[in-house]
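Participant: Here's a structure for you.
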Amino acid sequence: MGIQINKLLTNGKAIFLAYDQGMEHGPIDFNLKNCDPNYILDIALEGHYNAVILQHGIAEKYYQDYYKDIPLIVKLNGQTNITKLEPISKQLCSVERAIKLGATGVGYTIYSGSEKENEMMVEFSKIVDTAHDYGLPTIAWMYPRGKFVQNQKDTNILAYAARIGAELGADIIKMQYNQDFEGFKWIVKNAGRTKVVISGGEKTEPLEFLKMSSEIMKTGAIGLAVGRNIWQHDKPFSLTKAVQNIVIQGKTVEEAKKFLD
């Protein structure tokens, strides 16, 4: 069975709407509107996102009825922000359960550089084996972190993380952009045939976010996995349209920013 990665792409590009922050960060990212998963799923559905990223508990209770028109990526592992231990994110959901929930892909975080990295690498390798048997693409969150990593956004460290993801069999890697345009081309190159999407990160001024999105697409990355920059914005659909014009349609910032007016 072939890996069904194209179900997550539009003309080889992608914008995923990430909503796994509730576990990773807690309610600090939320307000009375966006703490409701229905609000995020409405944005994903009406905004025609390539996929929405959810933990399995939220998917089970909210990914229903017409929302199933949105491709689903189930995040299989997670951790809280309460403890301050050496980074490790353990598996919380099986591939089989993700499939029962309607997943089109599965995601997993690896903290390369953590003293616990080997546990995550072994766990992810088993996930790849199972997911690929079902034709399900795997997305690896490749985040250098831990006491052996002095700078999480160092180009060489990120390039190493990208290569680890490729070596472990990930179909897509989700990474942070380090604002090093030429350096990030090298990072993407080290991912080989594994696709690279960029984490949207903390909320940024909209025009700056569009400029960053445009720059990212020139590095060889295929798109974004964005959360807070969209669902914390007071006009999420306008910003969605602007970002899609850049990422999917290859428009300039000048052409795209008209959707913000």
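Participant: Between residue 66 and residue 99, what FRET efficiency follows from the Cβ-Cβ distance if R0 is 25 Å, with the result rounded to 0.05?
Facilitator: On the way: r = 20 Å, r/R0 = 0.81.
It comes to 0.80.
Participant: For segment 135-187 and segment 58-119, what is the separation of their C-alpha centers, rounded to whole Å?
Facilitator: 18
Participant: Could you tell me what percent of the DSSP beta bridges with both partners in the chain are antiparallel, to the nearest 5? Please report the intermediate quantities before stating the final value.
Facilitator: On the way: 3 of 33 bridges.
If we restrict to bridges inside the chain, about 10 percent are antiparallel.
Participant: Of 13/147; 7/116; 33/257; 189/241; 68/257, which sit over 27 Å apart, Cα to Cα?
Facilitator: 13/147; 7/116; 189/241; 68/257, as the Cα separations exceed 27 Å there.
Participant: Full extension from residue 35 to residue 154: what is 0.36 nm times the residue separation minus their Cα-Cα distance, to one decimal in nm?
Facilitator: Stretched fully, the residue 35-residue 154 segment lengthens by 39.5 nm.
The numbers here are math on the coordinates, done by the rules we state, and not lab data. Please read these numbers as outputs of a predicted model, since none were measured by experiment. Note: ideal-geometry Cβ built from the backbone for every residue, glycine included; neighbour counts use all protein chains shown.
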